[in-house]
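Contents: one structure, followed by commentary.
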Amino acid sequence: MIDILDQAILDALLLNARTSYAEIAKQHGVSPATIHVRVEKMRQQGIITGAKLTVNPRALGFDVCCFIGITLARAGDYPSALKQLQALPEVVEAHYTTGQYSVFIKVFVKSIDDLQHLLIEKIQPIDEIQATETLISLQQPILRDISVSQ
C-alpha cells in the first residue's frame, strides 16, 4: 500500500518523469535519499514499471489513429491471434475484452490507404479472426495517466 508521500512522488513523476528527486524532496520537506528509497520500493512492488519517452505520432506522419474491435472465431484462438497482432508494428495497444469484441486494438497508420492495406492484407487474413469493426479517432481531447490521488 502507498501513503500520501508515495502518492505525491508518483504524481510528480507522472507529470514529468524527468523531475529530479531533489526537486520532489524540496517540495515535500524530505531528503532526496528518502525519495530515492521510496521510488526504489515502488519499483520492487511493481507500482513503477519504468519510464518512457512520449512521441507525437502525427509529428512523425502517422495521421490516422483507429480502434479495431476484433471478434475471434473461438475463445481459444486468443493466444495465436495475439501473437500475430504483436508482429504488426501498426498495432500499439491490444486489450482482451468482454462484450462485443474479443480483442480491441489501437493502431496508427499514415493514411486511409495504409489503413485499408493493414485491414485487408494483414489483419483480416489472420485465420483466428472472424470479423473486425474499425472506428477512426477524429481527435484525442483527453490523454492522461491514472491519478494516484483519486
_Test result for E40, open to solvent by less than 80 Å² (accessible area, probe 1.4 Å), among the charged types (D, E, K, R) and touching a residue at least 12 places away in the same chain (Cβ under 8 Å)_ = no
*asked:* Checking V109 against (1) within 16 Å of the chain's Cα centre (by Cα); (2) under 15 Å from C65 (Cβ atoms), only one condition comes out false. Which one?
replied: (1)
_For segment 113-139, which positions are assigned to a loop (DSSP other than H, G, I, E, B) and open to solvent by 100 Å² or more (accessible area, probe 1.4 Å)?_
D127, L138, Q139
*asked:* Report every pair of residues separated by at least 6 positions or lying on different chains whose Cβ atoms are under 6 Å apart, first residue within segment 109-133 and in contact (Cβ under 8 Å) with a residue 24 or more places away in the chain, second assigned to a helix (DSSP H, G or I) and open to solvent by 40 Å² or more (accessible area, probe 1.4 Å).
replied: I126/Q84; E128/S80
*Pairs with Cβ under 6 Å, 6+ apart, first in segment 43-70 and within 12 Å of V92 (Cβ to Cβ), second at pLDDT 95 or above and open to solvent by 70 Å² or more (accessible area, probe 1.4 Å)*: F62/K110; C66/I136; F67/L135
*Would you pick out the residues in segment 75-95 that are in contact with a Phe, Trp or Tyr (Cβ under 7 Å, 6 or more places away or on another chain) and either closer than 26 Å to S111 by Cα or open to solvent by less than 50 Å² (accessible area, probe 1.4 Å) (or both)?*
E90, V92, H95
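The values are calculated or read from the model by the stated rules, or taken from the named source; none is laboratory data. Being a predicted model, the structure only gives us computed values, none of them experimental. All Cβ positions, glycine included, derive from the backbone under ideal geometry; neighbour counts span all protein chains shown. Areas reflect the complete protein model, heavy atoms only, side chains present, ligands, DNA and RNA absent. Shrake-Rupley method; radii C 1.70, N 1.55, O 1.52, S 1.80 Å.
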